[in-house]
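Asks: Following this message is one structure expressed as structure tokens.
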Amino acid sequence: MTQQPHATQPTAGTTPTSPQSSTPSSAPGSGPTPTEGSWAAGGVVFAGVLMLMNGILAIFQGISLLAKDDVWARVGDYVYKINLTGWGVILLCLGVLAVVTGAFILRGAAWARMTGIFLASLSMLAQFLFLPYASLWSVIMIGLDFFVIWALAAYRPGMRG
């Protein structure tokens, strides 16, 4: 029978070294668990894809507002009333910026994550103001923008699990 190697006992005044105790990030509560890191890593890819798709849809929405604004319902007395052509320009610009930023998020650019958070925040605000024109669509877009912000803010590139 062969004997299995075993750890030696530390002498007085020394501390044992192990793979878990040698890294500062393994202390309880000091960072995300591997599962949380995986969620955020997968979430940032999903956020990049969502930004691409949201941007493309915003471009189409903006084009439809610019091309034929009688497709959309007219709102009577609305505090934040903006001409539908103005909405078309706003959504078209936000859409183009979101497509470019989403593409760079998927390429792993660090600046794109911060820009994505900013653009998703602007998109949330724009969709809130657009609520009277397309209520259900705006609520869905606000929810997707919220997820994009969370995924981009929670992602830590060095903490992949």
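The values are calculated or read from the model by the stated rules, or taken from the named source; none is laboratory data. Just so you know, these numbers come straight off a predicted model, no measurement behind them. All Cβ positions, glycine included, derive from the backbone under ideal geometry; neighbour counts span all protein chains shown. Note: accessible area is taken over every heavy atom of the protein model, side chains too, but ligands, DNA and RNA are not part of it. Shrake-Rupley method; radii C 1.70, N 1.55, O 1.52, S 1.80 Å.
Asks: Can you report the number of residues in the stretch 137-161 which are farther than 15 Å from LEU52 by Cα, open to solvent by less than 70 Å² (accessible area, probe 1.4 Å) and at pLDDT 90 or above?
Replies: Looking only at that region, the number is 2.
Asks: For THR115, all conditions in the list (1) in a helix (DSSP H, G or I); (2) modelled with pLDDT under 90; (3) open to solvent by 20 Å² or more (accessible area, probe 1.4 Å); (4) more than 21 Å from LEU65 (Cα to Cα) hold save one; what is the number of the exception?
Replies: Of everything listed in (1) in a helix (DSSP H, G or I); (2) modelled with pLDDT under 90; (3) open to solvent by 20 Å² or more (accessible area, probe 1.4 Å); (4) more than 21 Å from LEU65 (Cα to Cα), THR115 misses just condition (2).
Asks: Would you point out the residue of the stretch 92-138, among those that are free of Cβ contacts under 8 Å to residues at least 60 places away in the same chain, touching a helix residue (DSSP H, G or I) at 6+ places or on another chain (Cβ under 7 Å) and not hydrophobic (A, V, I, L, M, F, W, C), that is nearest to VAL45 (Cα to Cα)?
Replies: Looking at the filtered set, the residue picked out is GLY102.
Asks: Select from the stretch 62-98 the residues that are open to solvent by less than 40 Å² (accessible area, probe 1.4 Å), of a type outside the set (Gly, Ala, Ser) and at pLDDT 85 or above and list them in ascending order.
Replies: Residues satisfying the conditions are LEU91, LEU94.
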